[in-house]
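Worksheet: one structure, shown below.
The values are calculated or read from the model by the stated rules, or taken from the named source; none is laboratory data. What you are looking at is a predicted structure, and each value in this text was computed from that prediction instead of being measured. Ideal geometry is used to build each Cβ from the backbone, glycine not excepted, and the neighbour counts take in all protein chains shown.
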């Protein structure tokens with residue numbers, strides 16, 4: 001059954017809000033269970049629809065999952081019964097491609113449907129496939145499926161990524177852990193989620209150096225064991241909550257996280273008029289009462305993350321002056337612009353840039369989420385707007401934000417989830 005969110009705006013958010021584990025770290029981490037027949041235990045796992053989708057996919061392979069209690073999830077891949085990732089599950093989430101590397105590494109073959117996910121750009125998987133080919137894997141595409149075979153196992157090699165890709169780096173890192181010999185990944189992604197994955201793989205017995213830099217070196221081992229790993233806090237949720245304090249002129253203590261996760265964001269938030277002060281187990285984000293216009297350009301880590309672009313646009317819709325927002329990562333990530341404009345925002349798109357001219361107030365309106373990050377930008381705008389906003393297609397929000405209304409209601413937010421037929 002579908003749901004909508006009814007949001008009454010105009011309330012200053014004040015109180016404490018806890019950041020969940022990182023979705024973008026959890027997804028690759030859960031697929032590490034395919035690399036071993038031993039039990040994997042993941043703590044601080046966010047309860048999100050994307051996580052449940054991936055668990056469903058893993059269970060299709062024969063992975064057993066224990067109780068998902070208190071954000072702790074147990075997985076064991078000791079009885080794999082199929083190496084096929086079917087279209088009906090993979091189409092729901094692009095990150096499903098992350099099963100490819102582990103399956104080929106451990107079992108020598110895999111058949112994985114070409115993936116789906118948010119409609120924010122092409123995001124091709126050709127780099128994943130080129131990297132696996134460099135490791136000695138035969139690849140063919142047949143009727144929408146990637147068929148990968150390495151019957152004698154993968155062989156270490158040096159592979160330079162033509163463009164930086166986070167999931168590509170993760171897939172090849174996992175594949176290389178069981179390859180024969182040494183693998184060097186050049187122009188690798190440097191995100192904290194990459195480091196988190198490397199730390200988990202090392203705990204399983206992998207030999208990896210350089211995670212967090214643009215060159216990662218992996219020496220293959222014959223097998224990996226089980227491990228217990230605590231997933232790092234979600235840096236995108238961290239930045240989102242800080243911006244919520246700014247757009248509602250509020251004061252939020254944001255816990256279970258730290259400012260070191262968002263190095264490319266903190267100075268921009270400060271310039272925008274949000275005071276940030278480190279505290280025990282987190283930090284406090286406090287509005288100065290004014291939103292200053294800022295210019296941003298999305299870039300690979302440690303630059304400004306594309307996953308915070310939509311939220312920044314919502315914040316800037318109420319700025320004093322104007323803001324220029326340039327998107328360099330995905331070519332179709334301004335679909336939230338018409339929805340924000342429905343609420344009274346003044347935004348003009350010119351190619352990969354959007355000019356945002358601040359208005360004095362936004363007005364509640366029926367709006368539609370078009371992708372995951374766009375959905376939370378509309379929640380932000382709705383909480384700051386005058387009147388009531390109805391947010392449709394809430395399933396996008398549930399893919400990346402765990403119980404967001406339950407987190408924000410104690411801080412004064414007036415949000416109601418209503419099921420519709």
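Tabulated data for the structure shown
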{"item": "Checking residue 19 against (1) surrounded by fewer than 24 Cβ atoms within 10 Å (Cβ to Cβ); (2) over 19 Å from residue 102 (Cβ atoms), the condition it does not meet", "result": "(1)"}
{"item": "Condition check for residue 168: over 24 Å from residue 38 (Cα atoms) and buried (at least 24 other Cβ atoms within 10 Å of the Cβ)", "result": "yes"}
{"item": "Counted residues, region 120-136 - those being more than 21 Å from residue 207 (Cα to Cα), outside any helix (DSSP H, G or I) and touching a helix residue (DSSP H, G or I) at 6+ places or on another chain (Cβ under 7 Å)", "result": "2"}
{"item": "Residues within region 37-53 that are in contact with a helix residue (DSSP H, G or I) (Cβ under 8 Å, 6 or more places away or on another chain) and in a strand (DSSP E or B), tallied", "result": "2"}
{"item": "Count of region 292-305 residues which are touching a strand residue (DSSP E or B) at 6+ places or on another chain (Cβ under 6 Å) and touching a residue at least 40 places away in the same chain (Cβ under 8 Å)", "result": "2"}
{"item": "Subset of region 285-299 (residues that are touching a helix residue (DSSP H, G or I) at 6+ places or on another chain (Cβ under 7 Å) and either part of a strand (DSSP E or B) or farther than 16 Å from residue 267 by Cβ (or both))", "result": "285, 286, 287, 292, 296, 298"}
{"item": "Helices (runs of 4 or more DSSP H) lying entirely in region 304-421 (those with 2 or more residues that are within 26 Å of residue 18 (Cα to Cα))", "result": "309-316, 372-384, 395-398, 404-408"}
{"item": "Test: residue in region 257-274 that is in the same structural domain as residue 311 (by TED's automatic domain parsing) and within 14 Å of residue 18 (Cβ to Cβ)", "result": "yes"}
{"item": "Odd one out for residue 253, checked against (1) part of a strand (DSSP E or B); (2) crowded, with 21+ Cβ neighbours inside 10 Å; (3) not assigned by TED's automatic domain parsing to the domain that holds residue 312", "result": "(3)"}
{"item": "Condition check for residue 277: part of a strand (DSSP E or B), surrounded by fewer than 20 Cβ atoms within 10 Å (Cβ to Cβ) and either out of contact with any strand residue (DSSP E or B) (no Cβ under 8 Å at 6 or more places or on another chain) or without any contact (Cβ under 8 Å) to a residue 24 or more places away in the chain (or both)", "result": "yes"}
{"item": "Test: residue in region 367-377 that is out of contact with any strand residue (DSSP E or B) (no Cβ under 9 Å at 6 or more places or on another chain) and at positive phi", "result": "no"}
{"item": "Exclusive hit being more than 30 Å from residue 285 (Cα to Cα), assigned to a helix (DSSP H, G or I) and in contact with a helix residue (DSSP H, G or I) (Cβ under 7 Å, 6 or more places away or on another chain), set 75, 27, 34", "result": "34"}
{"item": "Any hit, region 85-97, residues being touching a residue at least 60 places away in the same chain (Cβ under 8 Å) and under 28 Å from residue 223 (Cβ atoms)", "result": "yes"}
{"item": "Residues within region 195-221 that are without any contact (Cβ under 8 Å) to a residue 60 or more places away in the chain and touching a strand residue (DSSP E or B) at 6+ places or on another chain (Cβ under 9 Å), tallied", "result": "16"}
